[in-house]
Structure formats: C-alpha cells, structure tokens
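Read through the structure below, which is laid out as structure tokens, and then see the notes.
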Amino acid sequence: MRLLFGFLVSFAVAAAVGLGATWLALTKGTAFGPLRISAWTSWPKTGTTEIDPYARAIVARTGELPVASGDGIAFYAKSTDRGEVLDGRCEIVLAGTTPTARFWTLTLYDPEGRLVANSINRHGFTSEEIIRTMDGGFTIVIAPRARSGNWLPTSGVERYILVVRLYDTPVGVATRAGRDAQMPSVIRKACPQ
C-alpha cells in the first residue's frame, strides 16, 4: 500500500512538472534556435519543415501563420535595446534601417497577439508609406499622444510587442547576428512616473 501511494505521489509530481513546463513553453513563446539582434528576436526555422515541437505547438495554439522561410522572416521586440519593457504609456523611438528586403511591415500588438486598438485605426507602417531621412533611414515614434512624422499610437496600453516582417530578404537561418543584418534600434525616450 505504501509503495502504491509513493508511486501515485511521484506520478502526480511528474505530471504537474511536465504539464507546467509545457504550459510555460506555450504561453511564454519558448522555441529553439532564436536569432537575436539587439532588442529583436526571430525564430527562422518556424516557417520551415524543421520547426521544433514547441514552436509548432505555439503556432497551433495562437493560430498565427508563420512567414515561410522562402518568403521572409518576422522579428519580435518585447523590450528596448537596454531591456526595458515596451510600455504604451512611454515614448519609444524606433530608428535606423531594416535589413535588405523587397517589402517590410511594422505592426503593434498586445501581448496576446491582438492589434492594439486606437482612435485613428493606425496599427503599423509599411516600407512604402514611411517617411525617410536623406540617407534612407527612418524614425518612428511610438507613443500614446500624437507626434509629427512617423507616429504609431499605443493608446496607453500597459505592454505591447513590435513585429517587423521582412519579405523577400536574404536574412534567415544562415544569419548569425547584427553584423549580418542591421535592425532598427528601440530606445525609450520618456516615460511618466
């Protein structure tokens, strides 16, 4: 009887740890083989046949359609270059250039993957509508209040995620780091206390 009780307790602990680890992996976006360039993270194998089981489960749970490796790549930023979380009450500046791509999009999502609602229905930018500097770079201000130039409204949400999708680009599985692909910087400029 003691042996059976010990087995049942061990089984319950193992099941709880296994299910907890699976839940954590699915809700926190843990997948193998990330490509990190400053604040930006991508999982280049997600859109391939080499997708890992955790990434496959995340795709199944969220319903997100990953960009196929031959079509492009998606990069996600949940914090600034200095590791500060992206807070919709703060002014965040995205500046620089993107890697070579035929077309790119920048979209603002909440942590659950939904577009951030705002009064002007502006959820992102494309490479064709952005105002650029003379050297081809750009600056986008992401803030709750209107700004001149490239402004993306946050509606003051507590947390958000930025997603840059690069289409028809050489960036992918073979890319190693920022020296291979330059991503725009993500810098917090002002934040109310």
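The values are calculated or read from the model by the stated rules, or taken from the named source; none is laboratory data. Remember, it's a predicted structure, so these values are computed and weren't measured experimentally. Here Cβ is always computed from backbone atoms with ideal geometry, including for glycine, and neighbour counts include all displayed protein chains. What goes into the accessible areas is simple: the full protein's heavy atoms, side chains included, and nothing from ligands, DNA or RNA. Shrake-Rupley method; radii C 1.70, N 1.55, O 1.52, S 1.80 Å.
Residue check: is Gly149 surrounded by fewer than 18 Cβ atoms within 10 Å (Cβ to Cβ) and in contact (Cβ under 8 Å) with a residue 40 or more places away in the chain?
Here the answer is no, as Gly149 does not meet what is asked.
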| said: Quick check on my filter: what residues within the range 68-90 are modelled with pLDDT under 90, touching a strand residue (DSSP E or B) at 6+ places or on another chain (Cβ under 9 Å) and open to solvent by 30 Å² or more (accessible area, probe 1.4 Å)? | reply: Asp71
| If you take the residues of the range 98-123 that are over 17 Å from Ala39 (Cβ atoms) and part of a strand (DSSP E or B), which of them is most open to solvent (accessible area, probe 1.4 Å)? | Leu115
